[in-house]
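Shown next, in structure tokens, is the structure this report addresses.
The values are calculated or read from the model by the stated rules, or taken from the named source; none is laboratory data. Here the structure is a predicted model, which is why all the values come from computation and not from measurement. A quick note on method: Cβ atoms are made from the backbone with ideal geometry, for glycine too, and the neighbour counts reach across all protein chains shown.
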Amino acid sequence: MQRTIVALIEDLAFQQRLEAAAAQLAMRVIYADPSQPAVDFLVQHQPALIVLDLQTRTFDWRTWVLAAKTSPATRRMPILAFGPHVDTATWDEARRLGCDALISNGTFMRDPVSAIQRHARPDQSDELAEACAQPLPALARKAIEQFNRGEYWEQHETFERLWRETPGAVRQLYQGILQVGVAYYQIQRRNYIGARKMFQRAWQYLVALPAVCQGVDVAQLRADAQAAFAELERLGPERIHEFDPALLKPIQLIAEDAS
């Protein structure tokens, strides 16, 4: 999957420099939509970096930054802001609200490639591919069995133990499944807000994974979670009691199916 930069930039010169730099790094630029809530937009696109022009007039960048940095679904996404270096009050506000790095307009224009490389989340695709080729650990298999029996809280406890003990990027597999399971648990408890938050948190982990990881059919899990989330959104908090439990699908193991 091509890595993404979400940009809050309206100045054409800055846009052109960013797009050229992104192309050199085999990344794509998506411009934020001011009509959409920040967290929903970021969850949908899962950027490796958010780039913000502090002089933008199209966006209320303060609301965007605050929303991104206070939601568990998006707070890990780095924000690089640029603006006039003499505007110290705005820089201080940007730092206080959660921008991870600030550079001057001139620095951005001179070398946007280096700015992106320095501040974007690292590409872990090679590490993930290697780890995903390994067999599923016994503790993960136990957690998935719990998940598939509908023991969503128990799988949470098992997966949490596993991901805390496991180094490296493959932890995203365990965190993603864990959080889908907790979303299902919250649906059973008729907790619309809790379920919605957990689906959003899960997506940041699942979207980066290959279609199959350690024998887990991640592509099917993503599809099932998206279908459940779409139905949750359709029903809304007032009708969550109508949610069809048949949409809480079990996790498929490719290796088991092949045998």
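Condition first: without any contact (Cβ under 8 Å) to a residue 12 or more places away in the chain and among the hydrophobic types (A, V, I, L, M, F, W, C). Can you find one or more residues in segment 83-91 that meet it?
yes
P250 meets each of the listed conditions (1) farther than 15 Å from A143 by Cβ; (2) outside any helix (DSSP H, G or I); (3) touching a residue at least 60 places away in the same chain (Cβ under 8 Å) apart from (1). Of the residues A195, A211, A202, A183, only one is surrounded by fewer than 21 Cβ atoms within 10 Å (Cβ to Cβ) and small (G, A, S); which? Criteria check complete, one pass: A211.
The one condition from (1) within 16 Å of the chain's Cα centre (by Cα); (2) part of a loop (DSSP other than H, G, I, E, B); (3) modelled with pLDDT of 95 or more; (4) not basic (K, R) that P210 does not meet is (3).
The set of residues in segment 115-132 being free of Cβ contacts under 8 Å to residues at least 24 places away in the same chain and either assigned to a loop (DSSP other than H, G, I, E, B) or within 16 Å of L52 (Cα to Cα) (or both) consists of R118, P122. Do we find a residue being in contact with a helix residue (DSSP H, G or I) (Cβ under 6 Å, 6 or more places away or on another chain), closer than 27 Å to C132 by Cβ, surrounded by fewer than 21 Cβ atoms within 10 Å (Cβ to Cβ) and not hydroxyl-bearing (S, T, Y) anywhere in segment 231-247? Yes. Under the condition of being without any contact (Cβ under 8 Å) to a residue 12 or more places away in the chain and either assigned to a helix (DSSP H, G or I) or surrounded by fewer than 15 Cβ atoms within 10 Å (Cβ to Cβ) (or both), the residues counted in segment 144-158 number 4.
No other residue among R110, R96 is over 24 Å from L18 (Cα atoms), out of contact with any strand residue (DSSP E or B) (no Cβ under 9 Å at 6 or more places or on another chain) and without any contact (Cβ under 8 Å) to a residue 12 or more places away in the chain apart from R96. For the residues R161, R141, R190, the requirement of being assigned to a loop (DSSP other than H, G, I, E, B), surrounded by fewer than 21 Cβ atoms within 10 Å (Cβ to Cβ) and in the same structural domain as I251 (by TED's automatic domain parsing) singles out R190. Residues that are among the charged types (D, E, K, R), at pLDDT below 95, under 22 Å from R141 (Cα atoms) and part of a helix (DSSP H, G or I) are absent from segment 224-231. Selection within segment 119-163: residues that are over 17 Å from C213 (Cα atoms) and basic (K, R). The member of this set that is modelled with the lowest pLDDT is R121. Criterion first (surrounded by 19 or more Cβ atoms within 10 Å (Cβ to Cβ) and of a type in the set (A, V, I, L, M)) does A94 satisfy it? So A94 fits the description; yes.
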